[in-house]
1. With a 10 Å radius around each residue's Cβ, average the other Cβ atoms per peptide and rank 44-51, 29-36, 201-208, 226-233, highest first.
2. Each label point is 7 Å from the Cα along the Cα-to-Cβ direction; what then is the distance between the points at residue 184 and residue 137, in nm?
3. If you line up the long axis of helix 161-179 against the longest principal axis of the chain, both from Cα atoms, how many degrees apart are they, to the nearest 10?
4. Per DSSP helix of 4 or more residues, -39500 (n - 2.57); summed, then divided by the residues of the chain. What does that give at 222 nm, rounded to the nearest 500?
5. Can you give the FRET efficiency for residue 280 and residue 96, using 1/(1 + (r/R0)^6), R0 = 45 Å, r = Cβ-Cβ distance, to the nearest 0.05?
6. Out of residues 5 or more away from residue 96 or on other chains, whose amide H comes under 5 Å of its own, with H placed 1.01 Å from N in the peptide plane?
7. With a sphere of radius 14 Å drawn around the Cβ of residue 102, what net charge do the other residues whose Cβ falls strictly inside it have (Lys, Arg +1; Asp, Glu -1)?
8. Can you report the principal axis dimensions of segment 35-186 using only the alpha carbons, biggest first, rounded to whole angstrom?
Amino acid sequence: MGLLVIFIQKVIGQGIGILYGALGEILTEKSGNLNLGIPGMMYMGGIAGLIGAFLYENSTAAPNGLVGVLISFLCAFLCAAFGGLIYSILTITLKANQNVTGLALTTFGVGFGNFFGGSLSKLAGGVGQISVAVTGQAFKTPIPGLSKLGVLGQALFSYGFLTYLGVALAIALALFLNKTRKGLNLRAVGESPATADAAGIPVTAYKYLATCIGGGLSGLGGLYFVMEYSGGTWTNNGFGDRGWLAIALVIFALWKPVGAIWGSLLFGGLYILYLYIPGLSRGSQEIFKALPYVVTIIVLIISSLRKKREHQPPESLGQAYFREER
């Protein structure tokens, strides 16, 4: 039973960061933008949150964990949202190729995180990594009382608030997209921007907002990995390929936020499954790490064969919109 609980904890720990990235990409793609810069924005959010917490903790003799959480949360969201703004200006206003822009933004974001992560390490004394213990511990604080409920508490209620916020955001995003006028307008923009524009919907504004907010959400995935998963530490290239798993999760979940919750748990389990299978060679371990991508391809093939419209991406996904002058 103890091994099972530990496995569940590790699965959730791996999955939540991926979930944030997927939610940000789902929101972005619903507007018709294909942002392959999500991995870079996760790095931007992670390092920005760490910088905010570091500067705060080093500016006061008795740092408060709650204040550190608020500062790092805002820094992470705003920095990653700024990455979304860069993408929006290049692809929406300047009509640059979305795929090229997204890949360039990923390269920039990873370099941005590693550069400032290394700079922080030198500022802290050149120890190779930086730690913000007070803020990191605040992020890891579990739900009082519920975490003490034996096996159930350990398996489901022993996590910081970012874990439960990610699930809540997925449900809220699903309700927004399917039950609100603004959400339906956003989906209309993604399906056919020309038709949405003819109906009086401000297409450009919706695209900008969805992409920037989506970038901010993905940045929270980076913040989760740095603060809650790692306890407030930074290691260069520490995210691995989790950003790309987030993009794969969007396809696996068929662009549905609630489906991304279950998908993130599956991806998290598959990603660490090799650790619980003894005797695997290095090559076999890498094959197991690739299982989430294999599952995504299978789901994509099946959904394409079924040809259900709700299982397909927005029709204008990845296409630049040229507004016709009236």
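None of the figures in this text is laboratory data; all of them are computed from the coordinates on show. Nothing here was measured: the structure is a model prediction, and the numbers come from that model. Positions of Cβ are generated from backbone atoms using ideal geometry, with glycine treated the same way; all protein chains shown enter the neighbour counts.
1. Working: 44-51: 30.2, 29-36: 26.2, 201-208: 18.1, 226-233: 23.2.
Packing order, densest peptide first, comes out as 44-51, 29-36, 226-233, 201-208.
2. 5.1 nm
3. Here the helix axis deviates by roughly 10 degrees.
4. Numbers: 14 runs with 222 residues, N = 326.
Computed mean residue ellipticity for the chain: -22500 deg cm²/dmol.
5. Values: r = 43 Å, r/R0 = 0.96.
Result of the calculation: an efficiency of 0.55.
6. 91
7. Values: positive: none; negative: 25, 29.
So the environment of residue 102 carries a net charge of -2.
8. Per principal axis, max minus min of the Cα coordinates gives 51, 46, 25 Å.
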